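Participant: This is the structure I want to talk about, given as structure tokens.
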Amino acid sequence: SNSAQVLRSHQVVARAMFSLPDWPPWALYTFLGLASFTSVVAGIQMFRDRDKSDGDVADSKPVGEKAPAFRSFQREYLTVYAIIMMADWFQGTNMYTLYSSYGVNISALFLSGFLSGAFWAGFVGVWIDKYGRRLSCIVYLVLEIIINICEHYNNFTILWISRFLGGITTCILFTGFESWMVSEHRKRGFPEAWVADTFGKASFINGISAIIAGILAQVCADHLGEIGPFQAAIALTALALVFVIFWPENYGGGDNEDEGTRVAAWNLLKSDRKAVLLGLVNALFEGSMYSFVFMWVPTMLSVLNGGKLPTGLVFASMMTCISLGGVLFSPSMLLSLAPAEYIGVGCFVVGAVALLVPVFSVEIVAVLGAFLVFETCVGIFQPCGGVLRSKVIPDKLQGSVMNMFRIPLNSLVVIGTLLTDYYPARFVFGIIVVWMLVGAMLQVMVIKALSAGEKKEKTK
């Protein structure tokens, strides 16, 4: 009967929706092992945080009468940060495979996004400082909703528009929200040392958001197709918009003209060697990271040699490593052993060694292990770079200066992406290793510049 057929069809759909995913054991065990290890390290970190009460670590720990207000402010920022990063990761997990399913020129679309970011970086930074960090965050969220709607159309022109707008939103994502947080932190009178706590938690939360996004993106893709994760990103972005609307506004710059803010930023770079070195260091690390982001999926597909690649699950494993890095950076872990600037050198050196592996090996265990080590370095370097930027770049010029260095950053990614069209992956990984080693040398110069600056302050 018709009713029996309907019942059987519903049962088939239910079994498809609620049955365990058919994920390769190596990918599942890698994720579960990393998640367990990261949980253990996070537990150790919390235990050590409670026990530490001396020296610089105590200064970095939010305690005292201002601590409750600081925790409330931190939750206000990190709630939005978790949502926007999860929405961003939802897109990142399946963008390559979505464009592959459309049969469009993937390299051209990625290049368009990075070139757009390089072009708009100088303008966006000035606008963030002049017109308000909260307003820039709202613009980001509205544009992201438009971008994710565009991704639904298998039309190169519409997809190109989405990548063009994506260049603008990337500039805002990695400067607007951080500038708002650092400025608001200082405006509310919280100790400067406490900013490291927020950066460390943000890196950990970024990894957790990405893990959840990776797993849920895989589920969305399994049931809704490659566009599923982008539909989830729209909902999350709209949710973040509800929170950001109620943030207080803060500004930088201090000049009525865009040109005045831009000139002030250039004057800082001409007069402060630390700011230039730090900007170049961030450009080299993030340029290497984004080039890696473009390359890891095709590299894994090549290594598997026709085997199944559950991109969402492997992505979740990599993001677990970013969370691990955020935990390791905390005041009671690596920061208790060395200051942030020294930790940065370690990130470059270890990251360079990790990316040497795919230059010489095509074994799945070696390549995946190297990628996981590199992502752990990313998780450590993100809060490390944030702490150093807050030390060196004045609050009123945060957005302008940070965005200026997105020009060399995006240029590096364009070079890395173009190279993949003409050279094998192992050659491109070799180029990225060179960038990382140059970054390590510049980071050593940052240490010397900071030390010289401290000596100059003491002699005043």
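The values are calculated or read from the model by the stated rules, or taken from the named source; none is laboratory data. Being a predicted model, the structure only gives us computed values, none of them experimental. Ideal geometry is used to build each Cβ from the backbone, glycine not excepted, and the neighbour counts take in all protein chains shown. Note: accessible area is taken over every heavy atom of the protein model, side chains too, but ligands, DNA and RNA are not part of it. Shrake-Rupley method; radii C 1.70, N 1.55, O 1.52, S 1.80 Å.
Participant: Determine whether the stretch 205-219 contains at least one residue that is over 19 Å from the mean Cα position of the chain (by Cα), in contact (Cβ under 8 Å) with a residue 40 or more places away in the chain and surrounded by fewer than 22 Cβ atoms within 10 Å (Cβ to Cβ).
Facilitator: Yes, because at least one residue in the stretch 205-219 is over 19 Å from the mean Cα position of the chain (by Cα), in contact (Cβ under 8 Å) with a residue 40 or more places away in the chain and surrounded by fewer than 22 Cβ atoms within 10 Å (Cβ to Cβ).
Participant: When you check CYS347 against the structure, is it under 25 Å from ILE215 (Cα atoms), at pLDDT 90 or above and either in contact with a helix residue (DSSP H, G or I) (Cβ under 8 Å, 6 or more places away or on another chain) or open to solvent by less than 20 Å² (accessible area, probe 1.4 Å) (or both), yes or no?
Facilitator: Criteria not met by CYS347.
Participant: So, GLY312, is that one over 22 Å from VAL40 (Cα atoms), modelled with pLDDT under 85, surrounded by fewer than 17 Cβ atoms within 10 Å (Cβ to Cβ) and not β-branched (Val, Ile, Thr) or not?
Facilitator: For GLY312, the condition - over 22 Å from VAL40 (Cα atoms), modelled with pLDDT under 85, surrounded by fewer than 17 Cβ atoms within 10 Å (Cβ to Cβ) and not β-branched (Val, Ile, Thr) - is not met.
Participant: Another one. Looking only at the stretch 142-161, decide whether some residue is touching a helix residue (DSSP H, G or I) at 6+ places or on another chain (Cβ under 8 Å), assigned to a helix (DSSP H, G or I), free of Cβ contacts under 8 Å to residues at least 60 places away in the same chain and open to solvent by less than 10 Å² (accessible area, probe 1.4 Å).
Facilitator: Scanning the stretch 142-161 turns up at least one residue that is touching a helix residue (DSSP H, G or I) at 6+ places or on another chain (Cβ under 8 Å), assigned to a helix (DSSP H, G or I), free of Cβ contacts under 8 Å to residues at least 60 places away in the same chain and open to solvent by less than 10 Å² (accessible area, probe 1.4 Å).
Participant: Could you identify the single residue in GLU76, GLU65 that is at pLDDT 90 or above, open to solvent by 30 Å² or more (accessible area, probe 1.4 Å) and among the charged types (D, E, K, R)?
Facilitator: Only one candidate passes the filter, namely GLU76.
Participant: Further question: What tally of residues in the stretch 180-193 results from selecting those that are open to solvent by 10 Å² or more (accessible area, probe 1.4 Å) and in contact with a Phe, Trp or Tyr (Cβ under 8 Å, 6 or more places away or on another chain)?
Facilitator: Residues in the stretch 180-193 being open to solvent by 10 Å² or more (accessible area, probe 1.4 Å) and in contact with a Phe, Trp or Tyr (Cβ under 8 Å, 6 or more places away or on another chain): 2 in total.
Participant: I need the helices (runs of 4 or more DSSP H) fully contained in the stretch 352-460, keeping only those with at least 2 residues that are under 21 Å from ILE172 (Cβ atoms) and in contact (Cβ under 8 Å) with a residue 60 or more places away in the chain.
Facilitator: Because the criterion is at least 2 residues that are under 21 Å from ILE172 (Cβ atoms) and in contact (Cβ under 8 Å) with a residue 60 or more places away in the chain, the helices (runs of 4 or more DSSP H) in the stretch 352-460 that meet it are 364-392, 398-404, 406-422.
Participant: Condition test on GLY306, is it on the phi > 0 side of the Ramachandran plot and either buried (at least 21 other Cβ atoms within 10 Å of the Cβ) or not basic (Lys, Arg) (or both)?
Facilitator: Considered against the rule, which asks whether it is on the phi > 0 side of the Ramachandran plot and either buried (at least 21 other Cβ atoms within 10 Å of the Cβ) or not basic (Lys, Arg) (or both), GLY306 comes out as yes.
Participant: If you check SER317, SER411, SER323, SER400, which single one turns out to be among the hydroxyl-bearing types (Ser, Thr, Tyr) and touching a Lys or Arg at 6+ places or on another chain (Cβ under 9 Å)?
Facilitator: Going through SER317, SER411, SER323, SER400 in turn, just one is among the hydroxyl-bearing types (Ser, Thr, Tyr) and touching a Lys or Arg at 6+ places or on another chain (Cβ under 9 Å): SER400.
Participant: Out of the stretch 40-62, which residues are among the small types (Gly, Ala, Ser) and modelled with pLDDT of 80 or more?
Facilitator: ALA42, GLY43
Participant: Going through MET404, MET436 one at a time, which residue ends up being modelled with pLDDT of 95 or more, closer than 28 Å to TYR81 by Cβ and crowded, with 18+ Cβ neighbours inside 10 Å?
Facilitator: From the options MET404, MET436, the qualifying one is MET436.
Participant: Do you know which of the residues in the stretch 115-125 that are crowded, with 24+ Cβ neighbours inside 10 Å and in contact with a Gly (Cβ under 7 Å, 6 or more places away or on another chain) is farthest from PHE164 (Cα to Cα)?
Facilitator: Looking at residues that are crowded, with 24+ Cβ neighbours inside 10 Å and in contact with a Gly (Cβ under 7 Å, 6 or more places away or on another chain), I get GLY125.
Participant: Among the numbered criteria (1) within 21 Å of SER323 (Cβ to Cβ); (2) open to solvent by 30 Å² or more (accessible area, probe 1.4 Å), which single criterion is violated by PRO339?
Facilitator: For PRO339, the exception is condition (1).
Participant: Let me ask something else about it. Go through the residues of the stretch 171-179 one by one and say whether even a single one is open to solvent by 20 Å² or more (accessible area, probe 1.4 Å), assigned to a helix (DSSP H, G or I) and in contact with a Ser or Thr (Cβ under 8 Å, 6 or more places away or on another chain).
Facilitator: No, every residue in the stretch 171-179 fails to be open to solvent by 20 Å² or more (accessible area, probe 1.4 Å), assigned to a helix (DSSP H, G or I) and in contact with a Ser or Thr (Cβ under 8 Å, 6 or more places away or on another chain).
Participant: Could you go through the stretch 95-107 and let me know if any residue there is open to solvent by less than 20 Å² (accessible area, probe 1.4 Å) and not in a helix (DSSP H, G or I).
Facilitator: No, the conditions are met nowhere in the stretch 95-107.
Participant: Here's something else I'd like to know. Mind listing whichever residues of the stretch 180-193 are in contact with a helix residue (DSSP H, G or I) (Cβ under 8 Å, 6 or more places away or on another chain), farther than 24 Å from GLY113 by Cβ and in a helix (DSSP H, G or I)?
Facilitator: The answer is MET181, VAL182, SER183, GLU184, HIS185, ARG186, GLU192, ALA193.
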